[in-house]
Amino acid sequence: MFDSESTEMYLKSIFELGEQGEPVPISSIAQRMGVSSVSANEMIKRLAEREMVVHTPYKGVELTHLGKQRAINVVRRHRLWERFLVDHLGIPWADSHDPACRLEHVTTNEVADALDVFLGNPDTCPHGNPIPARDGELETPEATPLSELEIGQVGRVSHIYPEETILLEYLAERRMFPGAAISVEDLAPYNGPITLLVDGEEVILGREVAAHILIRMNGKQ
């Protein structure tokens, strides 16, 4: 399938997987999209023909300027819809991601602009991620993955990235929302779990989960 929705899904996935500026392996794209490597390879070839990506063998895939702008546009629509679903329809924080994924593909730029104005031009989605400007400008806040913190370091949850519904549900149960105050109490050896205080309540998280939680640092206690 090579329709507009699948194109946008691939571009958005490459954008999210390549946030650190490194080429994204096709195997990682296939895993994120839930398709075979053969299918992902075929789509990447087509996107390259349309000058949306560059594929370097044995290294990975990178977005061109055109591809990145298209991906950011999808991200903008997605995050605006999440804001609307949570703030105006009362959809639970953890349940807004999946419907926003569907709505992002049927939303024109004009509707996105109107939605932005209706919402009061919000800066972030409910999960703390910045909402791109109409011109594609996107500033990612400075934050440190929770998995990289040391014992005694304190801060507040900045944002959850990348988002997945199962992850969001898991974090909601532990009240790991943007703005929550955290302090690192213990780090188990051999890459074991992290013991935290979250707004004064003890929470234990695995390192893989903690890598998705970005923290604004306050320093050490």
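Remarks
- In summary, the convex hull built on the alpha carbon positions of the stretch 4-63 has an orientation-averaged projected area of 3.5 nm².
- Kirkwood-type radius of the stretch 81-177, with distances r between different C-alpha atoms, in Å: 14.8
- Gain on full stretching of the segment that runs from residue 138 to residue 54 - 0.36 nm per residue minus C-alpha separation: 28.1 nm
- For peptides 107-113, 81-87, sequence by mean Cβ density within 10 Å, most packed first: 81-87, 107-113
- The distance separating the Cα centre of the stretch 1-41 from that of the stretch 172-210 comes to 30 Å.
- Net +/- balance of residues flanking residue 174 in space, Cβ distance below 14 Å, scoring K and R +1, D and E -1: -4
- Derived scalar couplings between HN and Hα for the stretch 60-67 equal x, 10, 10, 7, 7, 4, 4, x Hz in order, rounded to whole Hz, by the Karplus curve 6.51 cos²θ - 1.76 cosθ + 1.60 (θ = phi - 60°), x for Gly and Pro.
- Size descriptor for the stretch 155-199, Kirkwood hydrodynamic radius: 11.5 Å (Cα pairs only, one decimal).
- The GluC sites (Glu not before Pro) of the stretch 112-175 that DSSP puts in a loop, and whose beta carbon has at most 16 other beta carbons within 10 Å, are 137, 139, 142, 150, 164.
- Remark: the stretch 39-80 carries a charge dipole of roughly 260 debye about the Cα centre, counting +1 on each Lys and Arg Cβ and -1 on each Asp and Glu Cβ.
- With the convex hull drawn over the C-alpha atoms of the chain, the volume per residue is 132 Å³.
- 21 Å tail of the calculated P(r), the stretch 144-220, as % of Cα pairs: 14
- Karplus (6.51, -1.76, 1.60) ³J(HN,Hα), θ = phi - 60°, over the stretch 162-173, in Hz, Gly and Pro reported as x: x, 7, 9, 4, 4, 5, 5, 4, 4, 6, 4, 4
- Interchain or long-range residues, amide H under 5 Å from residue 124's placed H: 131
- Surrounding net charge for residue 147, when Lys and Arg each add one and Asp and Glu each subtract one, Cβ distance under 12 Å: -2
- Amide H contacts of residue 53 (H built 1.01 Å from N, in plane; Pro and chain starts excluded): 48, 64 sit under 5 Å, all sequence-distant by 5 or more or on other chains.
- Neighbour-count ranking [beta-carbon atoms within 10 angstrom, fewest first] of 166, 91: 166, 91
- Mean Cα-pair separation over length for the stretch 144-220, i.e. relative contact order, pairs under 8 Å, 6 or more apart, %: 46
None of the figures in this text is laboratory data; all of them are computed from the coordinates on show. From a predicted model like this one, the values you see are computed outputs, not experimental measurements. No Cβ is skipped: glycine too gets one built from the backbone with ideal geometry, and neighbour counts run over all protein chains shown.
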